[in-house]
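The values are calculated or read from the model by the stated rules, or taken from the named source; none is laboratory data. Keep in mind that this is a model prediction, so the values were computed, not measured. Because the Cβ atoms are built from the backbone with ideal geometry, glycine has one as well, and the counts that use them run over all protein chains shown. With ligands, DNA and RNA removed, areas are computed over all heavy atoms of the protein, side chains included. Shrake-Rupley method; radii C 1.70, N 1.55, O 1.52, S 1.80 Å.
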Amino acid sequence: MASKAIRRRPAEKERERHMETTMPESVTAPLLGNSAQGNKSEGYEPIPDFWDGKSRECLHWVHIVSTFITQSARKIVNAISEFGSFLARFFGCSCAPQSSQNAQTMLIHLSPLQEERLKFLRQRLNVPFDCSAVKHQDALKELWRLAYPNRELPPLKSDLWKEMGWQNSDPATDFRSGGFMSLENLIYFARNYPVCFCSSWALTLLINPLLVGISIWLNAEYLLNMQDSFHRLLHKADGERAEWEYPFAVAGVNISYMLVQMLDLQSENRRSSKARVGFAQLLEDDEMAFDNLFCLAFQMLDAQWLARRASYMEFNEVLKSTLGQLEQELTIGGVSSVQNLPSFRMLRR
């Protein structure tokens, strides 16, 4: 009996041999998520994987569609970029950059008065600061008195000069680039935009004190903010200041020097930039056009400084931007004085 139970018929052996040769490899390979149903009876014949062909076809079409979308997006981006460049070129033709316009030179025609004043200006800017010259020492002392009228005059070498914005205790070492004219510019700024009532108010006070009282009441806002441009810049009275501010006096020396470079005042070439031609027109009616331009540039620099929330290391960048704006204003036609420039309203007398 036992030998009969374990003996297999030849037909069964032949059927098992046939199943081993016809079973696909996908059934014998391990799969994810195998369960107890994985062990089938010997008579189980697996169903062919019907979705394999369709999934490959779907993946193929997905690849084609994604490639098409990617290429289309790239073409759209390129088209938008080219259209933007076209707009930039189109509008750039009608409003060319001011810097390129200012760089263009033109023949300058000077009147005898303009020639004389330009010559005098060149003489001024060729004078270096001489710490041994009494005139230069007196000018430095005068600047201190104008800046701090209620304070005692310090020695010419003192750390107190640093409060004004000189880098060293000896201000003479900071005039290298600007020369004596930069000191004259600072003095002119202090003298012509001072803290005081105008003479007409003083005369009115003698004639009719009541009228002055009414004027003061009407100008209360002005009186609350009547400190002039020079002292407001010196004391950094406007806006929210940086922790590391630009030094006032040294900034003035740099502005003076950069104005000379921008206007190319040392050149005697008859071909000049538009800015220089515009400045020459100012000299016709204003002998002190350069000094007034200095005051305006200083006020413009501080306004840009505050607008940018700049700090000490950005000073040169702000100065360049300021002079660029001033250069554009000088190219405006029909401007006969510094007072007619758009930014002049920022100055307080």
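Is one or more of the residues making up region 242-261 farther than 27 Å from residue 173 by Cβ and not polar (S, T, N, Q)? There is no residue in region 242-261 that is farther than 27 Å from residue 173 by Cβ and not polar (S, T, N, Q). Looking only at residues in region 232-256 that are of a type in the set (Asp, Glu) and open to solvent by less than 40 Å² (accessible area, probe 1.4 Å), which one is nearest to residue 313 (Cα to Cα)? The residue in question is 245.
With respect to being within 21 Å of residue 183 (Cβ to Cβ) and of a type outside the set (Gly, Ala, Ser), residue 288 fits the description.
So in region 258-274, with the set limited to residues that are closer than 30 Å to residue 166 by Cβ and touching a helix residue (DSSP H, G or I) at 6+ places or on another chain (Cβ under 7 Å), which one is most open to solvent (accessible area, probe 1.4 Å)? Before you say what the answer is, go through the steps one by one.
Looking only at region 258-274, we keep the residues that are closer than 30 Å to residue 166 by Cβ, and these are 258-266.
If we keep only those that are touching a helix residue (DSSP H, G or I) at 6+ places or on another chain (Cβ under 7 Å) as well, we get 258-260, 262-266.
Details: 258: 57, 259: 0, 260: 13, 262: 31, 263: 0, 264: 73, 265: 1, 266: 110 Å².
Applying the filter and picking the extreme gives 266.
A quick yes/no check of all residues on (1) surrounded by fewer than 13 Cβ atoms within 10 Å (Cβ to Cβ); (2) at pLDDT 95 or above; (3) within 35 Å of the chain's Cα centre (by Cα):
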site: 100; (1), (2), (3): yes, no, yes
site: 104; (1), (2), (3): yes, no, yes
site: 109; (1), (2), (3): yes, no, no
site: 112; (1), (2), (3): yes, no, no
site: 118; (1), (2), (3): no, no, yes
site: 129; (1), (2), (3): no, yes, yes
site: 137; (1), (2), (3): no, yes, no
site: 143; (1), (2), (3): no, yes, yes
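Taken together, the residues in region 220-231 that are open to solvent by less than 10 Å² (accessible area, probe 1.4 Å) and at pLDDT below 90 amount to 2.
Each residue in region 241-277 was checked for being modelled with pLDDT of 90 or more and either of a type in the set (Asp, Glu) or assigned to a helix (DSSP H, G or I) (or both), and 18 pass.
Among the conditions (1) in a helix (DSSP H, G or I); (2) under 16 Å from residue 163 (Cβ atoms), residue 236 misses just one, which is (1).
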